[in-house]
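Here's the structure we're looking at; comments come further down.
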Amino acid sequence: MTYQLDIARATLDERLREAEKHRIVHAIRLKDRAERTIRRAHQALTDLTA
């Protein structure tokens, strides 16, 4: 029985690690998108005031 529990724990641990990696990648993508949007907004303001 403990073997099955160890396998289940290992599987859960792996899934949690994968989910954490996914969240990190998603957060980085959102940050990059926000930074690009900010740069475009700054450029648009610069163009309007030039």
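Read-outs: derived from the displayed coordinates by stated rules, not from any lab. This one's a predicted model, so the numbers in the text were calculated from it and none came from an experiment. Cβ sites come from the backbone with ideal geometry, for glycine too, and all protein chains shown count toward neighbours.
Here are some notes:
- Convex hull volume of the Cα atoms of the chain, normalised per residue: 26 Å³.
- Computed E for Val25/Thr46 - FRET, C-beta separation, R0 30 angstrom, nearest 0.05: 0.40
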